Amino acid sequence: MSFKGLGVKTDNNPQAFRAKVSIRKSVLDAIGADKGVFDAFAGSGEMYSAVWKAAAFYTGCDQKPQRDGRLLFCADNRRVMRAIDLAPFSIFDFDSYGSPWVQAIILADRRRVAAGEQLGLVLTEGAGFAYKSNIVPEAITILTGLRTGIVGLSKKQDAVIDKAIAGLARRMSCTVEKRWQAEGRTGASMRYIGLVLKGKGLDPQT
Ligand SMILES: C[S@@+](CC[C@H](N)C(=O)[O-])C[C@H]1O[C@@H](n2cnc3c(N)ncnc32)[C@H](O)[C@@H]1O
């Protein structure tokens, strides 16, 4: 298991941009550019232009209309992810402003990962603001067992994230094969994370 780049700090937007691009390139390299990407928080397409356009196919989703020619759902990604077949996609990008964990749970419950199969997952987590008020988002409670009202969580954002990733991997019957991470140094407490998950069980290819 390798956790390259854990703890790399990014100071400002260009650095955060570079870190986000680098994490996505690592995930794409690990999973393979012959696979498909579902970009749940597709936005203006910065990550598409920098990385995901190299993938075999791409589908984005954003609640705001984006008119740049990408194949996009214009809707709440939670509704879309509960409705469409997720099996064609091997990389999921959850570049949220706050918490990506609801989408991660929907993914876990709707995208079976076969034994030996690798799935790429990219997360932007900025739930530190909630932890500062001792609020634990419900999806974090589901993945970690932590309850709202726990005091001092804001100083333990990384431990909460580790627990959430472990809970997610368990829910998906996967192991965490690779992890890359960078963090924003500003008050927003952003964490940029790339994961390669692998389905547990005997790989039918071996
Ligand atoms: C940080 S930006 C994403 C930037 C994007 N990854 C890029 O490369 O340009 C977050 C985006 O998520 C969208 N968004 C927020 N909540 C959403 C939801 N529940 N469903 C769909 N889109 C959502 C916002 O409209 C915003 O464009």
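Quick note: the coordinates plus some simple rules give every number you see, no bench work behind them. This is a predicted model, so every value here is computed, not measured. Virtual Cβ from ideal backbone geometry, glycine too; neighbours counted across all protein chains shown.
In the chain, what percentage of the DSSP-assigned beta bridges are antiparallel, given to the nearest 5?
About 45 percent, rounded to the nearest 5.
Can you tell me the length gained on complete extension of the stretch residue 173 to residue 46, counting 0.36 nm per residue apart and subtracting the Cα distance?
42.6 nm
Kindly state, as a whole number, the per residue volume in cubic angstrom of the convex hull around the alpha carbon atoms of the stretch 29-151.
Convex hull of Cα atoms, per residue: 120 Å³.
Roughly speaking, what is the stretch gain from residue 66 to residue 133, that is 0.36 nm per residue apart minus the C-alpha to C-alpha distance, in nm to one decimal?
Taking residue 66 through residue 133 to full extension adds about 20.7 nm, to one decimal.
What nm distance separates the two modelled labels at residue 74 and residue 17, each placed 7 Å from Cα along Cα→Cβ?
A separation of 2.6 nm, rounded to one decimal place.
Calculate log10 I(q)/I(0) of the chain for q = 0.09, 0.11, 0.13, 0.16 Å⁻¹, where I(q) comes from the Debye formula with a single equal point scatterer on each Cα and nothing for solvent.
Log10 I(q)/I(0), no solvent term: -0.32, -0.48, -0.69, -1.07.
Could you give each residue of the stretch 160-172 its phi-based ³J(HN,Hα) in whole Hz, using Karplus coefficients 6.51, -1.76, 1.60 with θ = phi - 60°, and x for Gly or Pro?
These are the phi-based 3J(HN,Hα) values: 5, 4, 4, 5, 5, 5, 5, x, 5, 4, 4, 4, 8 Hz.
So how strong a dipole does the chain carry about its Cα centre when Lys and Arg Cβ are +1 and Asp and Glu Cβ are -1, to the nearest 20 debye? Working shown, then result.
On the way: 30 positive and 20 negative charges, 73 e Å.
Rounded to the nearest 20 debye, it is 360 debye.
Provide Rg over Rh for the stretch 110-206; use the alpha carbon set for both Rg and the Kirkwood Rh (inverse mean inverse pair distance). Don't skip to the end; give the middle numbers.
On the way: Rg = 14.9 Å, Rh = 14.4 Å.
Over the Cα atoms of the stretch 110-206, Rg/Rh equals 1.04.
Can you give the direction-averaged projected area of the convex hull of the alpha-carbon atoms in the stretch 15-54, in nm²?
Across all orientations, the stretch 15-54 yields a mean hull projection of 2.7 nm².
In the chain, which longest range has no chymotrypsin sites (Phe, Trp or Tyr not before Pro) that are both DSSP loop (not H, G, I, E or B) and surrounded by at most 12 other Cβ atoms within 10 Å? Kindly include the intermediate steps, with their values, before the conclusion.
Details: sites that count: 3, 97.
Maximal segment without exposed cleavage sites: 98-206.
What's the percent breakdown of Cα-Cα distances in the stretch 38-94 across 10 Å bins, shortest bin first?
Per 10 Å bin, starting at 0, the Cα pair percentages come out as 24, 61, 15.
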